[in-house]
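One structure is given here, and the rest of the page talks about it.
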Amino acid sequence: MTDGTATPGCFITFEGGEGVGKSTQVRLLADWLEGQGKDVLVTREPGGTPGAEAIRALLLDPEGTDWTLPAEALLFAAARADHVARVIRPALARGAWVICDRFIDSTRAYQGGEGALPDEVILQLHGIGSGGLLPDLTVLLEVSPEIATRRLHQRDGLASDRIGGRDAAFHARVARRFAEMAEAEPRRFSRVAGGVEAETVHMAVRACVTQRLGARA
Ligand SMILES: Nc1ncnc2c1ncn2[C@@H]1O[C@H](COP(=O)(O)OP(=O)(O)OP(=O)(O)O)[C@@H](O)[C@H]1O
Ligand SMILES: Cc1cn([C@H]2C[C@H](O)[C@@H](COP(=O)(O)O)O2)c(=O)[nH]c1=O
């Protein structure tokens with residue numbers, strides 16, 4: 001992990017828009033690493049602790065409060081602070097491989113970007129809440145909006161959460177923001193094309209993990 005604190009564990013996050021296949025790839029990677037005898041912890045954001053799961057419900061309930069943008073960013077940061085302190089840091093300290101479905105880059109993409117909160121503000125909140133913890137590797141899964149929509153429709157029908165249900169222009173902006181971050185931080189991000197069969201995507205993810213985290217994988 002990269003916040004100046006050396007720990008024996010390895011921290012991998014999966015990022016991307018809705019329905020790009022993050023949860024599917026998290027599971028496949030965890031199975032592969034566990035098959036090699038590794039101590040693997042799978043978790044997600046927002047969530048991962050009882051408190052953070054409660055905040056998740058506040059944020060994502062389609063019938064819930066329509067938070068202002070700063071309130072939304074603070075709630076994500078609060079959920080993350082609890083998750084990092086109670087689950088992620090202890091697991092990394094014992095040497096586990098932590099695989100997290102979304103992390104700080106989701107806040108940067110969904111609550112930041114054009115017309116939203118400046119990146120520096122989001123990273124400041126992350127510094128206060130979570131000591132600025134960054135992953136060793138972030139896999140950005142990318143699929144076309146058409147494929148993502150088809151998959152989500154097959155999985156959820158017409159249902160969506162409060163943020164997932166925003167319009168196509170919002171989700172296009174989120175995808176652009178993820179791509180910009182990956183361009184700007186090539187040492188941490190790996191971009192993987194997610195629009196092919198899940199097992200093919202998994203092989204590409206494995207290649208990234210082996211290449212980036214080589215000696216440890
Ligand atoms: N490579 C793939 N090819 C076809 N279908 C896929 C692929 N990967 C995932 N799916 C299916 O697409 C749907 C969305 O996948 P998944 O839940 O993994 O995405 P996600 O990025 O975690 O979604 P969300 O952001 O909504 O949580 C699921 O029904 C899953 O089975
Ligand atoms: C961590 C995080 C998440 N979001 C949004 C992105 C999605 O719409 C939901 C999470 O749902 P998923 O099914 O678990 O992908 O929350 C966000 O806006 N900001 C964040 O920091």
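For a quick protection proxy, order the peptides 126-134, 33-41 by their average other-Cβ count within 10 Å, most packed first.
Top of the packing list down: 126-134, 33-41.
What size of dipole, in debye to the nearest 20, comes out for the range 10-213 about its Cα centre when the only charges are +1 on Lys and Arg C-beta atoms and -1 on Asp and Glu C-beta atoms? Each step should come with its number before you reach the end.
Working: 24 positive and 28 negative charges, 99 e Å.
Once rounded to the nearest 20, the dipole reads 480 debye.
The alpha carbon centroids of the range 1-80 and the range 164-192 are separated by 16 Å. Model label sites at residue 180 and residue 200, defined 7 Å from Cα along the beta-carbon direction, differ in position by 3.1 nm. Cβ crowding within 10 Å, taken as a proxy for footprinting-reagent exposure, orders 181, 203 from fewest neighbours to most as 203, 181. Modelled spin labels at residue 78 and residue 34, positioned 7 Å past Cα toward Cβ, are 3.3 nm from each other. Extension gain for residue 172 to residue 85 (0.36 nm times residue separation, less C-alpha to C-alpha distance): 28.1 nm. On full extension, the segment bounded by residue 23 and residue 128 gains 35.0 nm, given 0.36 nm per residue less the C-alpha separation.
Using Cα-Cα distances under 8 Å and only pairs 6 or more residues apart, what relative contact order does the range 10-213 have, in percent?
Value for the range 10-213: 32 percent.
Tell me whether the range 69-217 comes out rounded, prolate or oblate; compute the Cα gyration tensor, take square roots of the eigenvalues as a ≥ b ≥ c, and use a/c under 1.5 as the rounded threshold.
Values: a/c = 1.59, a/b = 1.05, b/c = 1.51.
Oblate is the answer for the range 69-217, as a/c is 1.5 or above yet b/c matches or exceeds a/b.
Please identify the DSSP H helices in the chain that span no less than 30 Å along the helix axis (Cα) and have a mean Kyte-Doolittle hydropathy of -0.5 or more.
Values: long enough: none.
Helices meeting the criterion: none.
Among 47-57, 154-164, 92-102, how do they line up from the highest to the lowest mean number of other beta-carbon atoms within 10 Å? Write down the numbers at each step before the final one.
Working: 47-57: 17.6, 154-164: 12.8, 92-102: 20.5.
Ranked from most to least packed, the peptides come out as 92-102, 47-57, 154-164.
A short reminder: the numbers here are calculations on the coordinates, not readings from a lab. Values in this document were obtained by computation on a predicted structure and should not be read as measured data. Please note: Cβ atoms are built from the backbone with ideal geometry, for glycine as well, and neighbour counts cover all protein chains shown.
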